[in-house]
1. Before we move on, is residue 147 assigned to a helix (DSSP H, G or I), closer than 25 Å to residue 71 by Cα, open to solvent by 40 Å² or more (accessible area, probe 1.4 Å) and modelled with pLDDT of 95 or more?
2. Which of the residues spanning the range 176-212 are in contact (Cβ under 8 Å) with a residue 60 or more places away in the chain and open to solvent by less than 40 Å² (accessible area, probe 1.4 Å)?
3. Residue pairs, Cβ under 7 Å, 6 or more apart or interchain, first in the range 33-50 and under 12 Å from residue 119 (Cα atoms), second assigned to a helix (DSSP H, G or I) and open to solvent by 90 Å² or more (accessible area, probe 1.4 Å). List them.
4. Please tell me if residue 73 is out of contact with any Pro (no Cβ under 9 Å at 6 or more places or on another chain) and farther than 20 Å from residue 119 by Cα.
5. I'm told residue 30 meets every condition in (1) at pLDDT 95 or above; (2) under 24 Å from residue 207 (Cβ atoms); (3) open to solvent by less than 40 Å² (accessible area, probe 1.4 Å) except one. Can you identify the failing condition by its number?
6. For a quick check of your reading of the model, give me the residue pairs whose first member lies in the range 78-100 and is part of a loop (DSSP other than H, G, I, E, B), whose second is surrounded by 15 or more Cβ atoms within 10 Å (Cβ to Cβ) and at pLDDT 90 or above, with beta-carbon atoms closer than 6 Å and at least 6 apart or on different chains.
7. Would you confirm whether any residue within the range 43-63 is in contact with a helix residue (DSSP H, G or I) (Cβ under 9 Å, 6 or more places away or on another chain), farther than 30 Å from residue 17 by Cα, surrounded by fewer than 13 Cβ atoms within 10 Å (Cβ to Cβ) and hydroxyl-bearing (Ser, Thr, Tyr)?
8. Yes or no: residue 75 over 19 Å from residue 35 (Cα atoms) and buried (at least 20 other Cβ atoms within 10 Å of the Cβ)?
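The values are calculated or read from the model by the stated rules, or taken from the named source; none is laboratory data. Since this is a predicted model, take the numbers as computed values, not measurements. Note that we place each Cβ from the backbone using ideal geometry, even for glycine, and neighbour counts take in every protein chain shown. When the accessible area is computed, the model is the full protein with side chains, heavy atoms only, and any ligands, DNA or RNA have been set aside. Shrake-Rupley method; radii C 1.70, N 1.55, O 1.52, S 1.80 Å.
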Amino acid sequence: MGPVMLPAWLQPRYRKTAYLFIYYLIQFCGHSWIFTNMTVRFFSFGKDSMVDTFYAIGLVMQLCQSISLLELLHIYVGIESNPLFPRVLQLTERIVILFVVITSQEEIQEKYVVCVLFIFWNLLDMARYTYSMLSVIGTSYAVLTWLSQTLWMPIYPLCVLAEAFAIYQSLPYFESFGTYSTKLPFDLSIYFPYVLRLYLMMLFIGMYFTYSHLYSERRDVLRVFSIKKKKI
């Protein structure tokens with residue numbers, strides 16, 4: 001009796017590809033659902049839909065952003081070859097804004113800035129995950145490659161400005177309710193609005209490093225893509 005042959009997708013060399021493809025597919029479906037839901041709700045209810053954006057799709061957004069933390073593990077164990085620090089900065093921005101600023105303050109959840117942020121995040125992620133999903137199986141399209149490497153240039157700075165505005169709007173509520181502010185031993189205390197103001201400055205410093213990284217990545221990807229296209 002001869003050796004049992006495993007299907008190609010179960011062989012060790014294909015497991016990484018299959019796993020990453022499924023991960024990117026799940027993220028693409030999640031963000032596409034969010035964006036489609038927001039679009040349909042806006043055309044159905046107009047500006048009223050923007051007020052309850054978080055109540056309608058906040059749970060799915062939280063799920064997608066939580067799953068995205070796996071990308072740090074991917075980089076750490078070598079499944080993905082991206083630099084770790086820029087990805088940490090990008091994920092930290094969203095985790096802080098979504099879970100610390102927006103989720104903890106119901107008053108912020110009704111602001112228009114939440115809808116704007118979700119739109120920006122999903123535009124970037126739909127392009128990125130579509131490109132990554134196809135790239136992992138060796139498929140590439142010129143338009144999609146250019147879009148995924150270019151869309152962030154106008155949108156990412158707008159994301160940071162919207163995130164900063166969300167923090168600014170949340171400060172009075174953190175001051176009034178004392179959320180996350182606490183007293184420590186030896187007459188020490190943490191006043192969370194001060195922490196947010198400090199993070200607000202760090203947000204723009206982090207934007208510089210992230211923008212520089214994304215620009216370098218764009219230059220390298222488009223250069224390699226143009227070389228491959230010429231060879232074909």
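1. So residue 147 does not fit the description; no.
2. Listed by number, the residues that qualify are 179, 196, 199, 203, 206, 210.
3. If the second residue must be assigned to a helix (DSSP H, G or I) and open to solvent by 90 Å² or more (accessible area, probe 1.4 Å), the pairs left are 50/112.
4. Criteria met by residue 73.
5. (2)
6. Cβ pairs passing all conditions: 80/74; 82/75.
7. Looking for residues that are in contact with a helix residue (DSSP H, G or I) (Cβ under 9 Å, 6 or more places away or on another chain), farther than 30 Å from residue 17 by Cα, surrounded by fewer than 13 Cβ atoms within 10 Å (Cβ to Cβ) and hydroxyl-bearing (Ser, Thr, Tyr), one finds at least one in the range 43-63, hence yes.
8. No, not satisfied.
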